[in-house]
Amino acid sequence: MMGGRCKISSSPFQYDVPVTITGPGEFYLTINRTGSWGEFSLRVVVTENAPTYTVTWNNWDGTELEKDGNVEEGTTPTYNGATPEKEEDDENTYEFAGWTDGTNTYGLDDELPEVTADVTYTDTFTATPKTDPDQAAADGVTYLINQIPETVTENDREAIENARKAYEMLTDDQKALVDAETLAKLEAAEEAMGYL
């Protein structure tokens with residue numbers, strides 16, 4: 001509820017009338033005047049602006065990317081800056097994945113909730129582990145050895161030979177990444193093939 005006064009000027013007359021406004025809408029103010037005009041009504045339209053809030057967009061390290069002020073209540077916030085980035089480190093590369101408000105996380109395909117208060121969004125990222133080339137080479141050999149069945153037959157000779165060739169092509173550092181159990185499986189298969 002708002003109280004105030006309505007001032008009306010229409011030369012040569014002026015009126016200063018107390019009014020009480022309960023909210024947005026339309027109402028008529030009736031003014032009684034003695035004289036030739038008699039009684040007349042004045043149409044008054046009252047509008048109310050929606051509350052506005054501030055939406056802040058932060059980077060993962062706390063730096064501010066964008067700040068949107070005067071965002072009307074009920075609207076969907078929109079980030080207009082460049083796509084956030086996070087530098088890779090020794091273990092991972094990072095790809096922008098969406099936003100979090102500290103309570104909820106929203107993906108790139110999710111619509112952010114309508115604004116009802118000041119809010120801060122922080123970017124989120126998907127981490128992808130970097131591939132160690134030595135480990136990748138060792139893993140490839142381990143995969144070949146693990147394809148050899150426990151009980152081998154003549155049909156497995158080529159697979160065993162290919163696994164051995166692949167292992168021998170590894171550097172010493174890469175061979176060290178093939179665990180002893182896997183290597184023992186290859187050697188057992190080779191020994192079994194010697195008796196066929």
Using θ = phi - 60° and the Karplus curve 6.51 cos²θ - 1.76 cosθ + 1.60, what whole-Hz ³J(HN,Hα) does each residue of the stretch 77-92 get, with Gly and Pro shown as x?
-> x, 9, 8, 10, x, 5, 4, x, 9, 9, 5, 5, 10, 5, 10, 9
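What is the sum of charges around V119, taking Lys and Arg as +1, Asp and Glu as -1, for the other residues whose C-beta is under 12 Å from the C-beta of V119?
Working: positive: K67; negative: D68, E73, D101, E114, D118.
Net of charged neighbours comes to -4.
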Surface share of carbon and sulfur [accessible, 1.4 angstrom probe, percent] for the stretch 94-196 | 48 percent
For K185, list the lysines whose Cα falls under 17 Å from its own Cα; do not include residues on the same chain fewer than 8 positions away.
-> K165, K175
Kindly provide the GluC sites (Glu not before Pro) of the stretch 44-103 that DSSP labels as loop, not H, G, I, E or B, and whose Cβ sees at most 10 other Cβ atoms within 10 Å.
-> E48, E87, E91
Could you give the length gained on full extension between L183 and L108, defined as 0.36 nm per residue of separation minus the Cα-Cα distance, in nm?
-> 22.5 nm
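The values are calculated or read from the model by the stated rules, or taken from the named source; none is laboratory data. Because the structure is a prediction, the values reported are computed rather than measured. Every residue, glycine as well, gets a Cβ built from its backbone with ideal geometry; the counts of neighbours run over all protein chains shown. Remember, those area values only see protein heavy atoms, side chains included, never the ligands or the DNA or RNA. Shrake-Rupley method; radii C 1.70, N 1.55, O 1.52, S 1.80 Å.
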